[in-house]
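> Sharing a structure, written as structure tokens. Questions coming.
The values are calculated or read from the model by the stated rules, or taken from the named source; none is laboratory data. Computed from a prediction, not measured in an experiment: that's the story for all the values here. Counting neighbours? That spans all protein chains shown, and the Cβs are built from the backbone with ideal geometry, glycine included.
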Amino acid sequence: MKNIVILISGRGSNMQAIVEAHEAGQLAGGQIAAVVSNRPQAAGLAWAAARGIATAVVDHTTFADRETFDAALADTLDRFSPDLVVLAGFMRILTAGFTQRFAGRMMNIHPSLLPAFTGLHTHERAIATGCKLAGATVHFVTAELDHGPIIAQGCVPILTGDTADTVAARVLKIEHQLYPQAVRWFVQDRLSIDGLQVAIAGEAEEDGGHA
């Protein structure tokens, strides 16, 4: 049984989607070991605790720099023996040392079709440059922000008259499908990394995939 630890900074809608997938029996081979936040008031903590999931807080404002915060965060994660660390709206840039510590077992979801539009304001930038598609990318985390081997992508159309908010709402629905699927592949030992390529065992046999 693989332990999944989810990091959040707010309400954690992707965290909720993953937990609900687990409750529905879709993550066989995995269990949600804990939800951890850098913000004590993150709404997702109460949501997780109400479902009997262990929670923890490592408040970034109490640390002098990123390195000491990341060290404390890593120590907290290790208490739950994570096989997989899932970043679900975790609004902190992680140090290279942290990403190396969890290399190959830490995922993130980003609201664009990477490598396009790394960083913030992805939907505004996609609209401004005339893109016809927006989307989301699940990838393994490396030291370079919003890079790393891509596990899965999903896309939605950008329509005439769309705003960043309308695109974001459309993309979020894709995220809530894509992220639990990627976690399921991981706990089923179906993912293998070769450089920047991620192979998914049995992908061709699976209907409705987003890879």
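> Scan segment 57-85 for residues that are within 17 Å of ILE32 (Cβ to Cβ) and part of a helix (DSSP H, G or I) and report the count.
Residues flagged as within 17 Å of ILE32 (Cβ to Cβ) and part of a helix (DSSP H, G or I) within segment 57-85 amount to 3.
> A follow-up question, please. Are any of the residues in segment 163-176 closer than 21 Å to VAL86 by Cα, of a type in the set (A, V, I, L, M, F, W, C) and assigned to a strand (DSSP E or B)?
no
> Let me ask another. Could you please give the count of residues in segment 38-87 that are touching a residue at least 40 places away in the same chain (Cβ under 8 Å) and either of a type in the set (Ser, Thr, Tyr) or over 25 Å from ALA182 (Cα atoms) (or both)?
Residues that pass the stated criteria total 2.
> Determine which single condition ALA21 fails, assuming it passes every other condition in (1) assigned to a helix (DSSP H, G or I); (2) closer than 26 Å to GLN100 by Cα; (3) out of contact with any strand residue (DSSP E or B) (no Cβ under 8 Å at 6 or more places or on another chain); (4) touching a residue at least 40 places away in the same chain (Cβ under 8 Å).
Tallying (1) assigned to a helix (DSSP H, G or I); (2) closer than 26 Å to GLN100 by Cα; (3) out of contact with any strand residue (DSSP E or B) (no Cβ under 8 Å at 6 or more places or on another chain); (4) touching a residue at least 40 places away in the same chain (Cβ under 8 Å), ALA21 fails exactly one: (2).
> Any idea which of (1) surrounded by 15 or more Cβ atoms within 10 Å (Cβ to Cβ); (2) touching a helix residue (DSSP H, G or I) at 6+ places or on another chain (Cβ under 9 Å); (3) closer than 28 Å to GLU23 by Cβ; (4) not β-branched (Val, Ile, Thr) is the one ARG170 doesn't satisfy?
If we test ARG170 against (1) surrounded by 15 or more Cβ atoms within 10 Å (Cβ to Cβ); (2) touching a helix residue (DSSP H, G or I) at 6+ places or on another chain (Cβ under 9 Å); (3) closer than 28 Å to GLU23 by Cβ; (4) not β-branched (Val, Ile, Thr), just (2) comes out false.
> For segment 154-211, give me each residue that is modelled with pLDDT under 95 and under 20 Å from GLY29 (Cα atoms).
GLY202, GLU203, GLU205, GLU206, GLY209
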